[in-house]
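Asker: Please read through the structure below; I'll follow up with questions.
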Amino acid sequence: MGSEDRAEDRAEEVDVVVLGVGSGGEYAARRLARAGLQVAAVEERLVGGECPFWGCTPSKLLIHAAREGRALPAAAARIREATHDWHDDGHVGPMEDEGVRVVRGHGRLDGPGRVRVSTEGGDLVLTGRRGVVLNTGTAPAVPPVPGLDGTPYWTNREVFEVEEAPASLAVLGAGNIGCELAQAFARLGTRVTLLESAERILVPEEPEAAEVVTRVLREEGVEVRTRAEIARVEHDGSGFTLVTGTGDVRADHLLVATGRRPHLADVGLETVGLDPDSDTVAVDEHCRAAERLWAVGDITGHGAYTHMSLYQGRVAVHDILEQDGPPATYHAVSRVTFTDPEVAGVGLTEAQAREQGVAVVTGTADIDSSPRGWIDEATGVVKVVADAGSGVVVGASVVAPYGGEVLGLLSTAVHARLPVPTLRGMHFAYPTFHRVVERALRDTGL
């Protein structure tokens, strides 16, 4: 289909079209409407995106229930309540109250500032006088394992609709989602096998973090298999068999948690001069991607995190409204895996810093070396990565109870490019988990 409107197409003009209404798109649409602009938001799935329906919210509810020793039916009831039984009125209503027009259907870019939407009533061509915000997000990535296709495996979509804990579960992929749910189901009474093709779990994190979580998972009864190459998957109607080089794995159910793929295959990138086969959409410091096009969220490749999508949404809004605002920076991106203990990180890992040519110095300290860690019988570690020349902290990791909260101090340090001596001159509240940061800073020798 060309970019010229067909005779039967409906055509409308607004100030901004938001194509894909995940967290960042929803934020941008509401803020722009609040500023007095005419906004149309196009979404073919649930408005609000992955996080509230199949990601952050339901996963944390499940993890909380498992930690508190509750049964899965109790967690399932709270998940249904939080997701409104996977209905998006709770997101659509507030947007419409602020003047956003929500358009249901599959949207594609159709040239600068234009979006063609396939709706039940035919095609609608929306033109954004100021432009388009692209926020199409990601979907579960499923590996091409022989035999997997066509079996009733779960992804993060199906797993949160489960109301009874299975007797056994195989989890394919030991990233953040795989590790979180493996631990949660084990605590709910399921026999769990966690399989990862790499040499260790949580590959993007520090090896010290992976070591702690691996030990904890095994202590809690999870069978952790690394270097596990899956030759094929079989399903006989009653359960799964995963054939590996180190022995077969039999389980009632299979959760595939092997990453995410971007929704970019059919959004019309070629109509605005971008590569339709790209895995990401490159953006500048104002989240501009092309003429009259801004992109935010997972598709930009700066981290598949809700907080990143919201951050970029704010940057794009400032630019669209021609307001002063700080440009986007990505040297201090934070992340949290909500296992118990939590794994939190910010900035560069030691390996990433060395790859970038940083003269690296590190400092580590065990959580139980602090009075609070010892009192709580906590397991974990803090690691600080700094530039030996300038002394500036370029990255850090925390494995601890509430590690995502403990990370706050170190996120500030990386964001503000603070040197270790400045941080060591602070006082650290006693007795807290974050007091162990002081020991890790001291261990750098700076």
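The values are calculated or read from the model by the stated rules, or taken from the named source; none is laboratory data. Not measured: the values here are computed from a predicted model. Here the Cβ positions follow ideal geometry from the backbone for every residue, glycine too, while neighbour counts run over all protein chains shown.
Asker: List every residue pair whose Cβ atoms lie under 9 Å apart, where the two residues are 6 or more positions apart in sequence or sit on different chains, the first residue falls within region 5-31 and is at pLDDT 95 or above and assigned to a strand (DSSP E or B), and the second residue, located anywhere, is among the polar types (S, T, N, Q) and surrounded by 24 or more Cβ atoms within 10 Å (Cβ to Cβ).
Answerer: Correct list of pairs: 18/135; 19/135; 19/136.
Asker: Separate question: In region 265-272, is there at least one residue being within 16 Å of residue 110 (Cβ to Cβ), assigned to a loop (DSSP other than H, G, I, E, B) and not aliphatic (A, V, I, L, M)?
Answerer: Yes, region 265-272 contains a residue that is within 16 Å of residue 110 (Cβ to Cβ), assigned to a loop (DSSP other than H, G, I, E, B) and not aliphatic (A, V, I, L, M).
Asker: Taking only region 113-139 into account, find how many residues are closer than 19 Å to residue 321 by Cβ and either of a type in the set (Lys, Arg) or free of Cβ contacts under 8 Å to residues at least 60 places away in the same chain (or both).
Answerer: Total meeting the criteria: 2.
Asker: Another question, if that's okay. Give the number of residues within region 158-193 that are within 16 Å of residue 71 (Cβ to Cβ), surrounded by 19 or more Cβ atoms within 10 Å (Cβ to Cβ) and either without any contact (Cβ under 8 Å) to a residue 12 or more places away in the chain or of a type in the set (D, E, K, R) (or both).
Answerer: 1
Asker: Looking at 85, 110, 89, 149 in this structure, which one is touching a strand residue (DSSP E or B) at 6+ places or on another chain (Cβ under 8 Å) and either free of Cβ contacts under 8 Å to residues at least 40 places away in the same chain or not basic (Lys, Arg) (or both)?
Answerer: 110
Asker: Since residue 257 meets every condition but one in (1) free of Cβ contacts under 8 Å to residues at least 60 places away in the same chain; (2) of a type in the set (A, V, I, L, M, F, W, C); (3) over 30 Å from residue 114 (Cβ atoms), which condition does it not meet?
Answerer: (1) is the only condition that residue 257 fails.
Asker: So which residues in region 8-40 are of a type in the set (S, T, N, Q) and out of contact with any Cys (no Cβ under 7 Å at 6 or more places or on another chain), if there are any at all?
Answerer: 38
Asker: Report, by residue number, each residue of region 330-361 that is among the polar types (S, T, N, Q) and buried (at least 20 other Cβ atoms within 10 Å of the Cβ).
Answerer: 334, 337, 339, 349
Asker: May I pose another question? Listed residues 67, 34; which is of a type in the set (D, E, K, R) and under 27 Å from residue 10 (Cα atoms)?
Answerer: Going through 67, 34 in turn, just one is of a type in the set (D, E, K, R) and under 27 Å from residue 10 (Cα atoms): 34.
Asker: While we're here: Among the residues that make up region 86-104, is at least one of them in contact with a Ser or Thr (Cβ under 7 Å, 6 or more places away or on another chain), modelled with pLDDT of 95 or more and within 30 Å of residue 340 (Cβ to Cβ)?
Answerer: No, region 86-104 contains no residue that is in contact with a Ser or Thr (Cβ under 7 Å, 6 or more places away or on another chain), modelled with pLDDT of 95 or more and within 30 Å of residue 340 (Cβ to Cβ).
Asker: To continue, here is another question. Please specify each residue of region 235-254 satisfying the condition of being surrounded by 16 or more Cβ atoms within 10 Å (Cβ to Cβ), closer than 13 Å to residue 195 by Cβ and touching a residue at least 60 places away in the same chain (Cβ under 8 Å).
Answerer: If the condition is that a residue be surrounded by 16 or more Cβ atoms within 10 Å (Cβ to Cβ), closer than 13 Å to residue 195 by Cβ and touching a residue at least 60 places away in the same chain (Cβ under 8 Å), then 240, 242, 249, 251, 254 are the ones that fit.
Asker: Looking at region 418-433, can you tell me whether even one residue there is under 24 Å from residue 202 (Cα atoms), touching a residue at least 12 places away in the same chain (Cβ under 8 Å) and hydroxyl-bearing (Ser, Thr, Tyr)?
Answerer: No, that holds for no residue.
Asker: Another question about this same structure. Would you pick out the residues in region 93-114 that are in contact with a helix residue (DSSP H, G or I) (Cβ under 6 Å, 6 or more places away or on another chain), surrounded by 17 or more Cβ atoms within 10 Å (Cβ to Cβ) and among the small types (Gly, Ala, Ser)?
Answerer: Once the filter is applied, which keeps residues that are in contact with a helix residue (DSSP H, G or I) (Cβ under 6 Å, 6 or more places away or on another chain), surrounded by 17 or more Cβ atoms within 10 Å (Cβ to Cβ) and among the small types (Gly, Ala, Ser), region 93-114 yields only 111.
Asker: Here is a check on your reading of the model: is residue 148 over 30 Å from residue 61 (Cα atoms), buried (at least 17 other Cβ atoms within 10 Å of the Cβ) and aliphatic (A, V, I, L, M)?
Answerer: Criteria not met by residue 148.
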